[in-house]
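We did not get these values from a lab; they are worked out from the coordinates using the rules stated. Note that the coordinates shown come from a computational prediction; the quantities given were computed from them, not determined experimentally. When we count neighbours, we look across all protein chains shown, and the Cβ atoms used for this are built from the backbone with ideal geometry, even at glycine.
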Amino acid sequence: MSSAGDVRRILRVGDDPETPPVSTDGIQESADNVVVESATDFLAAAERVDTDEIDCVVTDHVGSGFDGLALLESIRRDRPQLPVIVIPDVSEGAVARRAVAADATAYVPRTSENRLSLVVDAIDDAVPEPTDGEGQVRMPINDRTATEQQRLKERALDEAPVGITIADATAPDEPLIYVNDAFVEMTGYEKEDAIGVNCRFLQGTETDAETTLELRDAVADEAAAAVELRNYRADGSPFWNNLEISPIRDDDGTVTNFVGYQQDITERRETEAAIRRERENLRRLLDRVEGLVSDVTEILVRADSRADIDEMTVERIGDGEEFDRAWIGEYDPPAETITITEDSETSTEPVTLELDDPNAASGTDVIGTALRRGEVRRFEDVAELESPVGGASTSGEDAESAGSGVVIPLVYRRTTYGVLAVYDQDPDAFDETERTILAALGRAIGSAINAVLSKRTVTTDATFEIKVLLEDQDLFLPDLADRLDGELAYRGARATDDGSVRFLFRIDAGDEAAVRAGVDRYDAVTGMTVLSRAEQECTVEIVTAGTPFVTILSGYGGDIQDVSIDADGLELAFRVATEQNGRAIVEDLESTYETTTLISYTEADEPGETPQAFRSAVESELTDRQLTALRKAYVSGFFEWPRESEGDELADSMDVVPSTYYQHLRTAEKKLVRAFFDA
């Protein structure tokens with residue numbers, strides 16, 4: 001005992017010795033007759049030990065923090081008998097071996113559920129309480145009886161978190177003379193079953209012969225060795241063993257024993273094997289689809305129509321080296337049908353599948369599920385998918401080797417345009433990673449279909465014309481219209497790259513002040529400019545941070561025809577290329593605004609060149625600046641006589657000097673006149 005008399009002085013060391021449960025307070029409250037001090041600095045702890053007033057050290061060991069094992073090794077150089085209890089943050093073999101080699105009094109991993117009681121028990125064993133109130137000097141380990149020494153050392157070995165075995169190198173076949181508790185727990189063999197035999201009883205049919213030969217050579221050469229080998233538990237289950245053996249020599253240098261440290265690394269080996277398999281799968285997948293994705297992407301860029309997309313995509317996928325067959329179908333939501341338009345294996349007329357037909361083949365169930373969920377669906381047996389589309393159905397033994405297939409939805413945002421079906425003879429094809437890539441390919445095809453159909457909106461009148469009424473308290477335009485004496489007449493809108501929307505309106509001249517006040521009144525409004533003034537009217541540009549209905553229509557290729565605004569709401573008329581896009585726009589409007597009322601939904605079927613097509617052709621020739629200059633000049637009355645606006649005002653609204661504005665305007669006028677006379 002220290003000179004303090006009837007108390008035991010404990011030094012608690014670590015980065016934060018006040019952290020429960022093995023804190024200074026925790027030890028103080030759980031152990032009798034102790035005074036607990038703390039230290040967070042290595043040198044301070046070493047100096048405190050040097051005073052010879054400390055009876056026991058309890059130290060943390062953190063891989064990225066306080067090095068308790070270094071402190072233990074430092075203490076052992078000057079005070080080899082001072083009890084040192086180590087609390088490591090991880091239970092690793094290397095840490096345990098280092099603690100045992102430095103003669104740690106006790107080893108209590110931080111992961112132990114009852115680590116406080118284990119630490120207190122170790123303190124009581126190492127520094128017994130004084131009896132009869134008399135001080136007691138601690139007995140060094142070399143002054144204890146041989147039995148006591150053996151018990152302390154065995155306890156340290158038994159409580160180590162890694163398997164420890166000791167073999168007798170002087171006896172025939174090097175039998176084990178000691179195994180610890182961790183070895184018993186890891187292997188399932190009881191101590192009485194392991195003692196007296198060579199540790200090769202852990203080997204089995206899948207134990208690598210070269211690895212065991214390496215161990216035998218190390219023993220024969222009286223050398224250390226470290227290997228990873230397949231061993232077997234008592235119940236016959238295999239595990240991976242990280243085994244290290246070291247010779248123990250007597251004072252004459254003769255090897256008397258071999259100590260073995262064993263750790264179950266099955267989980268690590270299985271993880272490594274899984275990573276290797278995943279890498280191999282990814283390599284195979286990249287080899288399989290890298291060229292396909294590149295080719296299909298190029299097809300989508302070149303295609304001018306939905307028919308081109310269907311034909312070239314199916315031809316590339318179905319006739320390529322990656323897969324065996326492909327077909328593509330158009331989706332008709334109202335009829336709940338898929339019409340197969342292209343099939344790499346047949347050249348027959350289009351085939352229509354009724355997805356809601358209860359008598360249809362089972363393959364249509366998977367197609368319907370893929371469409372409803374918007375996800376790739378896999379067929380375990382390709383025969384299921386062949387049956388509903390007129391392919392050669394397989395059965396019996398042939399069906400088991402028919403391969404597999406997937407159905408890929410062709411979607412853009414919330415619009416589904418159809419499905420792409422792909423087949424492969426390999427029944428294990430289309431794993432999760434490959435399905436993810438094919439799903440992305442389906443979205444790319446859907447986007448390309450949307451683009452070509454949206455292009456048709458501005459080149460032909462064979463489209464759908466839709467009119468809806470929007471009502472929502474966040475719509476500022478109806479409130480603004482209600483505050484005006486005259487009409488808020490829509491003259492155009494343009495979305496910009498930064499997400500803002502620029503509206504052009506004609507208003508009564510007397511309402512200019514009310515419109516200007518909208519910049520402060522409405523959060524959505526970021527700017528307002530008067531483009532022209534006449535005696536009775538003026539043209540204004542209102543800039544918003546973003547307007548959902550403009551963004552929604554732009555995303556689906558919708559073209560705004562007119563916007564009527566009054567106090568009751570906003571009536572929006574627009575045109576789209578397909579019924580699917582029209583339905584998707586209406587659904588998005590319904591989910592965005594409080595009330596969306598469908599007023600009309602009609603199909604225009606006039607073929608050929610149209611005014612809309614002419615306008616599209618002219619716009620394609622103009623730059624954004626030229627188009628903006630022309631539009632602002634038109635709606636602001638620049639071309640009227642007398643002029644309602646001057647070029648200087650319009651130049652200011654575009655943030656350019658007048659000369660630049662006139663240059664844009666003259667160029668736009670020239671292109672417009674040329675298009676008219678050359679048409």
Fewest-first ordering of TRP240, TRP327 by Cβ atoms within 10 Å yields TRP240, TRP327
By the C-alpha gyration tensor axes a ≥ b ≥ c (rounded if a/c is under 1.5, else prolate when a/b exceeds b/c, else oblate), the shape of segment 160-218 is oblate
Spelling it out for TYR189: with amide H atoms placed in the peptide plane at 1.01 Å from N, the residues 5 or more places away or on another chain with amide H under 5 Å from its amide H are ALA234
Sorted by chain and then number, the residues having a modelled amide H within less than 5 Å of the amide H of GLU342, at least 5 places away or on another chain, are ILE328
Percent relative contact order for segment 163-264, counting Cα pairs under 8 Å at least six residues apart, stands at 29 percent
Honestly segment 494-586 on the Cα gyration tensor test (a ≥ b ≥ c root eigenvalues; a/c under 1.5 rounded, otherwise a/b vs b/c for prolate or oblate) is just prolate
Exposure-ranked with fewest Cβ neighbours within 10 Å first, SER23, SER447, SER645, SER237 stand as SER237, SER447, SER23, SER645
For LYS467, counting only aspartates and glutamates whose alpha-carbon sits under 18 Å away and dropping same-chain residues fewer than eight positions off, the answer is ASP559, ASP562, ASP566, ASP568, GLU571, GLU579, GLU587, ASP588, GLU590, GLU594, GLU603, ASP605
The rounded separation in angstrom of the Cα centers of segment 2-68 and segment 209-242 is 40 Å
Non-local residues with an amide H under 5 Å from the amide H of SER532, with H modelled 1.01 Å from N and Pro and chain starts lacking one, are THR539
If each part is reduced to its alpha-carbon centroid, segment 408-445 and segment 457-528 end up apart, in Å, by 41 Å
Diffing segment 573-588: the Karplus 3J(HN,Hα) column from phi (6.51, -1.76, 1.60, θ = phi - 60°), in whole Hz with x for Gly and Pro, holds 10, 8, 10, 9, 7, 10, 5, 4, 5, x, 5, 5, 5, 4, 5, 5
